[in-house]
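Engineer: Input: one structure, supplied below.
The values are calculated or read from the model by the stated rules, or taken from the named source; none is laboratory data. All of these numbers come straight from a predicted model, not from anything done at the bench. Positions of Cβ are generated from backbone atoms using ideal geometry, with glycine treated the same way; all protein chains shown enter the neighbour counts. Note: accessible area is taken over every heavy atom of the protein model, side chains too, but ligands, DNA and RNA are not part of it. Shrake-Rupley method; radii C 1.70, N 1.55, O 1.52, S 1.80 Å.
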Amino acid sequence: MADEAVAVEESISPAQGPLVAVSFQRDVHRKKKYLEAEPKALGITQIGLSVFQIISVSVFLGKGLSYVHTDIPFFISSLLVIIAGSVAVAAQNLHLPTLRACCGMQIVACGASLFNMILSLSKMGDSSMYCWYHYYDNFTTATRQTCQRIENTHSHFYAECTVIHVALMAISVALAAYCCKVINCCAPAPKMPVITVQAPPVTQ
């Protein structure tokens, strides 16, 4: 009778549960994917390049080589990029509301960089208007050459600004993409397959 009971128990045990079980669970470490984007380095780059742009345009404005009505929107857009860079650095704590704020600010910074890029291209084209009237005045050759040098510097500076704003826009797009992966704003949270191996019962 005892042997029959053991045989029955052995035949029932495998049916109670499989030896290998596969389940799908949410990845609890998905927030760390944001750190793969190097947010500290990219955020500091955004801040540094934007501060450089603000100081440089302020110098041109102070020397009368730029216009206030175009520089004020430029300053506002650059400040938005600085704020976005600061939030990107702060989001390293992987706090979900901060990551959401980072995603929103990077989208805003992308638009601001695009606006500044278009503005820089228009100013680069306007630089040829500074010296044309000097050809019809009684200015000396040296004065005309100085004006043309200033015009060339102005044009080259805004060409450099355009390249910088393209780089800032690329940084904003990259950080926004990583934030979207973490906060799952565009797709449901991915699930990781978890394999559970159950040890078979030991027969004595």
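Engineer: How do C103, C180 rank by accessible surface area computed with a 1.4 Å probe, from largest to smallest?
Structural biologist: C180, C103
Engineer: Using a simple spin-label model with points 7 Å from Cα along the Cα→Cβ vector, what separation in nm is obtained for S122 and V173?
Structural biologist: 2.3
Engineer: Which length gain, in nm to one decimal place, applies between I72 and V166 when the Cα-Cα distance is subtracted from 0.36 nm times their residue separation?
Structural biologist: 31.8 nm
Engineer: Residue by residue, what Karplus-based ³J(HN,Hα) values in Hz, rounded to whole numbers, does the range 157-166 have, using 6.51, -1.76 and 1.60 with θ = phi - 60° and x for Gly and Pro?
Structural biologist: Once rounded to whole Hz, the list reads 4, 6, 5, 5, 4, 4, 5, 5, 5, 5.
Engineer: Starting from the residue with the highest accessible area, list E38, E151 in decreasing order, probe 1.4 Å.
Structural biologist: Final ranking, largest accessible area leading: E38, E151.
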